[in-house]
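All of the numbers you see were taken from the coordinates with simple rules; none came from a lab. This one's a predicted model, so the numbers in the text were calculated from it and none came from an experiment. Glycine also receives a Cβ, built like all others from the backbone with ideal geometry; neighbour counts cover every protein chain displayed.
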Amino acid sequence: MRIARQTATFVLFLALLAGLYTGYKAFGQAIDDRQHGWAVVGSVLPRTDDLNMPPISEIFGQFWETPGGQDRIYIRILLDEAVFTLREAFAGFLVGSAIGMAIALALAQWRRLEQGLLPYVIASQTIPLIAIAPIIVIWGRKNFDFFPWEWQDWMSVSVIATYLTFFPVAVNGLRGLQSPRPENRELMESYAANWGQTLWRLRLPASLPYLFAALKIAATASIVGAIVGEISAGVEGGLGRRILREAFNYTTGPDRLFASVLGAAVLGIFVFLAVTGVERLVVGRWGRGAAA
Amino acid sequence: MNAIHIRGATKVFNPGKSSQVEALADIDLAVEPGEFITLIGPSGCGKSTLLRLISSLALPTTGSVEVNGKPAEQARLDRDYGMAFQTSGLFDWRTVAKNIELPLELMGWSKADRRRRSSEMLELVKLGDFAKHHPSELSGGMQQRVAIARALAFSPSILLMDEPFGALDEMTREHMQDELLRIWRDTGTTLVFVTHSIPEAVYLSTRVVVMSPRPGRIAAVIDVGLGDRQASTRDDPAFFSKVTEVRAALREVEG
């Protein structure tokens, strides 16, 4: 029942957004916004002609069309690209989450480290991704030859996804590890539990609600990282690459750019829901008493 | 041998700083095995601090605390204590049975032994049907009973309780007191129990330790001697006269 209601709400909002888009477009066309007779429509807000705002029907219709020189319908192409991007993003998500959790553990263990290291962890996120992505790609090609396998460009993309992923996990993981109440810590102390036992039986499980909040952010961030990374790295394949290509060909097929961007959004929603599903399985049974 | 023997214990927080607080002074107390001792006194009289000294969660500034004939720290490492706090402190992510099994896991009991023990303990606190529930599905009183079951699961010789019924309503509270007395009689555990409530102290204990504040001292130790408690005990004139006696002692320490 709950799923049905949520789905209905989602579809309703989707229809509302589509209606808004179409309504605005129809309005702009009706008043002929190229005349600049209206201050906002066609200047602050986008122009409403088919190049700037392809009709919804064209964008969605694009999914089932076969582009020239291709043997697959467009939605199939996007799906393949999405799987490619998802693989890069997932590798980055796994590595980034592990690094984030390791940082959280270290910061929770040594308070001095928290004061010393945390500013750098935060500073790392103020550097624009677009600026460091090419550096990572170049490093990957020229320097990362100490790995037992040959470094591929998609691995650089995963590193970029890692870069966006570790941060929310580190920050929320730290909060989670510090979340047990004093009486719970004293309880473990009264049992003469050692550090590892306290970590495994109290601090880690207590951190899970915080961790899942972070993993949801990290999962969507890993997709963003992979898409931006693909654009910088010039790997063959992936949604980022696809979006870049459609942007070049914008004048001849604006609806394809819109469709590919929609595909990226759907991928982001997919990974978010995937983490939410795992969260329900793991934390769901704790009931209303669970933190956060 | 005394279950607990405290000699000349003091506790000073932040010694030498402007925030220095003398929490406990000149505490001498000997508790026989199987006794039920309550600590009562106004806020800031150091009764929780005294409990923490006994449990070795805090160390005395001077003096000594011996438990079962050894230093309190050693007794903690030997797992001579069970503890229960004002909040049940159950782990949300564990089922009721798994919460009770937590200390047993830490002590390396086998899975079969843990299972058997947790179901025995659940029977003891009359929650046999709730083994697979999570704490959030239980009422406050039931959670507190699970916490007591957890504290008793490894049969510690001493149970230390810091206002465990403080957050419960009056009806649940009286029920829990009877439950605790029954468990105490059945297990022969030595009990040290911190409370704010005079009737609770008198109803539960063999001796009431009345404490005075700033710094915390033992002002009086009152033998209760009411024998086996029954439902009628709460209306017994002897019960009321002990309540009056403890109240008078408390009034004195508050000046």
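Table for the structure above
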| item | result |
| --- | --- |
| Interchain or long-range residues, amide H under 5 Å from B:Glu32's placed H | B:Ala3 |
| In nm, spacing of pseudo-spin labels at A:Ala18 and B:His196 (7 Å Cα→C-beta vector) | 6.0 nm |
| Those chymotrypsin sites (Phe, Trp or Tyr not before Pro) in the stretch A:119-214 that DSSP places in a loop and that have at most 13 other beta carbons within 10 Å | A:Phe146, A:Trp149 |
| For residues of A:178-190, the mean tally of beta carbons on other chains within 10 Å | 5 |
| Phi to ³J(HN,Hα) by Karplus 6.51 cos²θ - 1.76 cosθ + 1.60 over the stretch B:104-113, Hz, x for Gly, Pro | 5, 4, 5, 8, x, 5, 6, 4, 5, 4 |
| Rh (Kirkwood; distinct C-alpha pairs) - the stretch B:69-139, Å | 13.4 Å |
| Projected label distance in nm at B:Arg115 and B:Ser19, using a 7 Å step from Cα toward the beta-carbon | 5.0 nm |
| Sites A:Gln109 and A:Asn249 - FRET efficiency at Förster radius 45 Å, r taken between beta-carbons, to 0.05 | 0.30 |
| B:Arg251/B:Arg182 FRET efficiency (R0 35 Å; Cβ-Cβ; nearest 0.05) | 0.60 |
| For residues of B:47-59, the mean tally of beta carbons on other chains within 10 Å | 1 |
| Residue exposure sequence - B:Leu159, A:Leu281, A:Leu118 - by fewest surrounding Cβ within 10 Å | A:Leu281, A:Leu118, B:Leu159 |
| Among B:Ala238, A:Asn184, A:Trp195 - extreme Cα towards positive end, dipole of the protein assembly as shown, charges at beta-carbon | A:Trp195 |
| Sum of -39500 (n - 2.57) over DSSP H runs of 4+, divided by residues of chain A (222 nm, nearest 500) | -24500 deg cm²/dmol |
| Amide H partners (placed H, <5 Å) of B:Gln86, local residues excluded | B:Asp162 |
| Ranked packing of B:200-208, B:47-55, most packed first, by mean Cβ within 10 Å | B:47-55, B:200-208 |
| Compactness of chain B as Cα Rg over 2.2 N^0.38 Å, two decimals | 1.01 |
| Contact order relative to length of chain A, as percent, for alpha carbon pairs under 8 angstrom and 6 or more apart | 22 percent |
| Cβ-placed point charges (K, R +1; D, E -1), dipole of chain A about Cα centre in debye, nearest 20 | 1100 debye |
| The protein assembly as shown, dipole about Cα centre (Lys/Arg Cβ +1, Asp/Glu Cβ -1), debye to the nearest 20 | 340 debye |
| Rough spin-label spacing in nm, given labels placed 7 Å along Cα→Cβ, for A:Ile122 and A:Phe10 | 3.6 nm |
| Bins of 5 Å from zero: percent of alpha-carbon pairs in chain A | 1, 5, 9, 12, 13, 13, 13, 11, 9, 7, 4, 2, 1, 1, 0, 0 |
| Calculated from backbone phi, Karplus (6.51, -1.76, 1.60) coupling profile of the stretch B:54-63 in Hz, x at Gly/Pro | 4, 7, 6, 6, 9, 9, x, 5, 9, x |
| Cβ-derived FRET efficiency at R0 30 Å, B:Ser136 paired with B:Lys70, nearest 0.05 | 0.15 |
| Alpha-carbon Rg/Rh ratio, for the stretch B:15-147, with Rh computed the Kirkwood way | 1.04 |
| Over chain B, relative contact order from alpha-carbon pairs under 8 Å, at least 6 apart, % | 26 percent |
| GluC sites (Glu not before Pro) lying in DSSP loop within the stretch A:146-222, provided at most 14 other Cβ fall within 10 Å | A:Glu150 |
| Ellipticity estimate at 222 nm from DSSP helix runs (n ≥ 4, -39,500 (n - 2.57)) divided over chain B, nearest 500 | -11500 deg cm²/dmol |
| Alpha carbon convex hull of the protein assembly as shown, volume per residue in cubic angstrom | 254 Å³ |
| 10 Å Cβ neighbours from other chains, averaged over peptide B:182-195 | 0 |
| Loop-located chymotrypsin sites (Phe, Trp or Tyr not before Pro) in the stretch A:222-292, at most 15 other Cβ atoms within 10 Å (DSSP) | A:Tyr250 |
| Positive-end residue of A:Val83, A:Val261, A:Ala131, charge dipole of the protein assembly as shown with Cβ unit charges | A:Ala131 |
